[in-house]
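> Here it is, the structure, as structure tokens.
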Amino acid sequence: MPREVELSNNERDFILGALRQGLRLDGRGQDVYRELEISFGEEYGVVDVRLGKTRIVARISCEVVAPYPDRKFDGVFVISTEFSPMASPAFEVGRQNQDEIILSRILEKAIRRSSALDTESLCIIAGSKCFSLRADIHVLDHDGNLIDTACAGLVTALQHFKRPDVEVQGEKVTIFTAREREPVPLSMLHHPLCVTFSYYDGGQIALLDATFAEEQVREGEIIVTMNRNGEVCQIAKYGGVAVDALAILSWTNMALVKVQAMTKVIQARLKEDAERRDKDGIAAELRADNDRPSERPHG
Amino acid sequence: METTPVLPGDILPSELIPHSTNKAVKLGPGLRHIPPSTVKATISGTVTSDLRKNAIWIEYNGGRYIPTPSDLIIAQILRSAGEHYTVQITPHYPPALLPHLSFEGATKKTRPQLKPGDLIYARIAAAPKHADIELECFNSQTGKGEGLGPLKGGMCFDVSVGFAREVIKGRRGGVVVLEELSEKLGFEVAVGRNGRLWVEGGEGERSGGLKHVIAVGRCLQVCDEKGLDERGQRELVRQVLKGL
């Protein structure tokens with residue numbers, strides 16, 4: 001059975017000693033992120049995000065189902081995470097480990113409960129038909145900071161995804177394929193991103209974007225989720241050593257800077273991709289929210 | 001030494017196979033003998049032969065480390081049990097055994113006391129297919145340590161298995177980065193064939209502390225990731241030394 005990869009004592013002491021001198025193994029500053037690389041698949045909603053060696057693929061898919069009886073006006077949105085054994089020898093198929101539980105819980109809180117996605121816009125006919133959106137997060141390689149990478153991947157994928165256009169005439173619903181009508185982007189209320197602080201020596205040293213080795217020697221982590229307007233969606237701290245409240249305050253301010261920088265990268269990449277797809281410059285005309293000529297001409 | 005690239009399934013031309021009258025040809029990793037006299041490649045890589053040893057094998061960079069007898073490796077102690085330590089060579093492989101007394105000059109009273117998580121530099125004594133792998137930290141013929149044993153302090157860096165083999169060969173393997181660095185920095189290294197490199201800052205006036213260890217480790221990892229040639233390696237070392 002594959003074993004949990006544990007750090008040796010030598011590495012543990014070295015990393016801590018270096019951090020106390022303000023050095024990181026990859027030569028980054030303590031508040032510097034690795035480069036966020038984003039690429040898109042051929043389909044809408046397939047996003048490949050890399051942060052250093054950490055790599056995650058997020059994929060959004062949708063189908064039409066009946067809504068939950070107690071939430072007649074809402075669509076369905078589920079997030080599912082999968083840790084592939086090729087990411088780390090500690091991951092096994094079919095057995096959830098601690099990281100996976102935390103990741104799915106954080107994404108749930110950060111994206112779903114902060115209502116980043118307007119689920120009401122997924123409703124087609126109240127009580128009988130709605131879109132069910134499913135986000136699959138695949139962890140392909142694990143070199144630390146899975147939460148930030150997964151959150152960035154998910155938010156990018158949601159912005160990239162387009163659902164098929166629908167038309168309702170009384171009780172009759174027509175769903176158009178991408179060839180018939182240009183698909184519709186999802187309606188998002190805001191774009192929250194996670195920033196994880198790993199801290200050492202009781203909060204004296206705080207690291208952003210810790211690598212896998214750095215994560216293994218940390219005393220604890222604080223995950224701050226906020227959008228670019230500085231609205232904090234959630235702050236999570238699962239165990240670990242207690243930290244000063246003032247430290248958390250200054251970290252939230254630092255998180256805002258990072259979230260704004262990351263949002264900029266994501267928007268730039270989304271724009272590039274949109275331009276690449278919009279070959280003849282007709283996307284604006286095809287947009288589903290434009291007025292449509294009425295079905296039958298008068299007279 | 002000669003190198004030719006091959007693909008899996010390729011039949012090796014007979015001029016590549018060393019012909020010696022007094023010694024049998026030894027086939028190494030990635031080759032398969034199909035009687036009477038065909039040799040086929042089972043993996044893509046470069047054919048490498050050693051005429052002196054009358055051996056031929058395929059050199060490739062990829063895959064996990066497979067323990068082979070007499071390889072030097074850097075392993076991690078998991079726990080001590082009875083007469084031996086249980087040791088992890090790679091996370092993908094079942095743990096190996098290191099007897100308490102297979103250290104230089106070790107008796108029941110003087111043997112090194114290792115804690116879980118300590119690193120050791122060891123040789124693989126035996127790697128049977130259906131039993132536990134055995135390690136040793138001394139030469140069982142002479143009783144000398146030969147540099148093997150517990151590794152104190154320093155830092156361990158992970159590299160690919162192929163690169164670790166090249167570092168062991170040094171200049172012949174096309175790796176000059178350590179020689180170049182050692183002209184300016186003082187450090188100690190141990191290379192494990194399981195793809196781990198241990199670097200220590202050394203002592204005395206040339207020791208630059210943790211900064212130099214990180215620089216050496218980064219150089220090695222960058223060389224591995226980018227597959228730099230000798231010129232690239234020299235350039236990299238020059239840049240790194242400038243930054244210190």
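The values are calculated or read from the model by the stated rules, or taken from the named source; none is laboratory data. Bear in mind that the values here come from a model prediction, so they are computed numbers and not experimental data. Cβ: placed from backbone, ideal geometry, glycine included. Neighbour counts: every protein chain shown. Please note that ligands, DNA and RNA were not included when accessible areas were found on the heavy atoms of the full protein model with its side chains. Shrake-Rupley method; radii C 1.70, N 1.55, O 1.52, S 1.80 Å.
> Out of everything in the range A:243-256 that is of a type outside the set (S, T, Y) and touching a strand residue (DSSP E or B) at 6+ places or on another chain (Cβ under 9 Å), what residue ends up being farthest from A:G203 (Cα to Cα)? Talk me through it step by step, then tell me what you get.
Quick first cut of the range A:243-256, residues of a type outside the set (S, T, Y) only: A:243-249, A:251, A:253-256.
Among the residues that remain, those that are also touching a strand residue (DSSP E or B) at 6+ places or on another chain (Cβ under 9 Å) are: A:243, A:247-248, A:251, A:254-256.
On the way: A:V243: 5, A:A247: 7, A:I248: 9, A:W251: 10, A:M254: 14, A:A255: 16, A:L256: 19 Å.
Looking at residues that are of a type outside the set (S, T, Y) and touching a strand residue (DSSP E or B) at 6+ places or on another chain (Cβ under 9 Å), I get A:L256.
> Taking the options B:R218, B:R165, name whichever one is within 12 Å of another protein chain (Cβ to nearest Cβ), closer than 27 Å to B:Y93 by Cα and part of a helix (DSSP H, G or I). Can you show your working first?
Details: B:R165 fails: within 12 Å of another protein chain (Cβ to nearest Cβ).
None of the other options fit; the residue is B:R218.
> Is there a residue being exposed (fewer than 15 other Cβ atoms within 10 Å of the Cβ) and either away from chain B (no Cβ under 14 Å) or assigned to a loop (DSSP other than H, G, I, E, B) (or both) anywhere in the range A:12-25?
Taking every residue of the range A:12-25 in turn, at least one turns out to be exposed (fewer than 15 other Cβ atoms within 10 Å of the Cβ) and either away from chain B (no Cβ under 14 Å) or assigned to a loop (DSSP other than H, G, I, E, B) (or both).
> Restricting to strands (runs of 3 or more DSSP E) lying wholly in the range B:32-87: which have 2 or more residues that are within 14 Å of chain A (Cβ to nearest Cβ), in contact (Cβ under 8 Å) with a residue 12 or more places away in the chain and surrounded by 15 or more Cβ atoms within 10 Å (Cβ to Cβ)? Show your work before the answer.
Numbers: elements: B:38-41, B:45-50, B:55-59, B:72-81.
The strands (runs of 3 or more DSSP E) meeting that bar are B:72-81.
> I've got another one for you. Considering only the range B:119-147, state which residues are part of a strand (DSSP E or B) and hydroxyl-bearing (S, T, Y).
Matches in the range B:119-147: B:Y121 only.
> While we're on this one: Could you list all residues from the range B:89-99 that are open to solvent by 20 Å² or more (accessible area, probe 1.4 Å) and free of Cβ contacts under 8 Å to residues at least 40 places away in the same chain?
Once the filter is applied, which keeps residues that are open to solvent by 20 Å² or more (accessible area, probe 1.4 Å) and free of Cβ contacts under 8 Å to residues at least 40 places away in the same chain, the range B:89-99 yields B:P91, B:H92, B:P94, B:P95, B:L97, B:P99.
> Tally up the residues in the range A:30-79 that are open to solvent by less than 70 Å² (accessible area, probe 1.4 Å) and either basic (K, R) or within 14 Å of another protein chain (Cβ to nearest Cβ) (or both), please.
2
> How many of the residues making up the range B:18-37 are modelled with pLDDT under 80 and of a type in the set (V, I, T)?
Final tally of qualifying residues: 1.
> Now for a different question. Has the range B:140-152 got any residue that is touching a helix residue (DSSP H, G or I) at 6+ places or on another chain (Cβ under 9 Å) and either open to solvent by 50 Å² or more (accessible area, probe 1.4 Å) or closer than 27 Å to B:S70 by Cβ (or both)?
Yes: the range B:140-152 contains one or more residues that are touching a helix residue (DSSP H, G or I) at 6+ places or on another chain (Cβ under 9 Å) and either open to solvent by 50 Å² or more (accessible area, probe 1.4 Å) or closer than 27 Å to B:S70 by Cβ (or both).
> Could you run through the range A:62-115 and say how many residues are more than 14 Å from A:I147 (Cα to Cα) and in a helix (DSSP H, G or I)?
Residues that pass the stated criteria total 1.
> Going residue by residue through the range B:138-146, is there one that turns out to be of a type in the set (F, W, Y) and within 22 Å of A:E6 (Cβ to Cβ)?
No - not one qualifying residue is present in the range B:138-146.
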